[in-house]
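Worksheet: one structure, shown below.
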Amino acid sequence: MATIVGTGLNFTSIDPMKALYWSAVINGVVAVPIMAGMMMLASKKEVMGSFTSGLKTRWFGWGGVAVMGIAVLMMFWNLIYG
């Protein structure tokens, strides 16, 4: 399916590099709430049972969510005021 869509995009006026750039931007923005949801689920005993995340994993996981969130906020700040 992706091959067919990619081949079809060759026959449009869409710049492939701009499409790649904007897909990465959208991916970065959408990743923040997904990461936060995964961190919340990974620390719940009723969801994960004996496989809940440890303290170090939670610190690094929430740290990653914070870094990604700050990056998204900085990107929007730059789009508005930059």
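Read-outs: derived from the displayed coordinates by stated rules, not from any lab. None of these values were measured; they are calculated from a predicted model. So basically every Cβ, Gly included, is an ideal-geometry build from the backbone, and we count neighbours across all protein chains shown.
If one computes P(r) from the Cα atoms of the chain, what percent of pairs lie at distances over 17 Å?
Counting every Cα pair in the chain, those more than 17 Å apart make up 63 percent.
Relative contact order of the chain: 26 percent, from C-alpha pairs under 8 Å at least 6 residues apart in sequence.
Treating cross-link reach as a plain straight distance, find the lysines whose alpha-carbon is under 21 Å from the alpha-carbon of residue 56, omitting any fewer than eight places away in the same chain. Correct list for residue 56: 44, 45.
Positive contributions from Lys and Arg (+1) and negative ones from Asp and Glu (-1), summed over other residues with Cβ under 12 Å from the Cβ of residue 53, come out at +4. With respect to the chain, whose longest principal axis is taken over its alpha-carbon atoms, helix 55-81 is tilted by about 40°.
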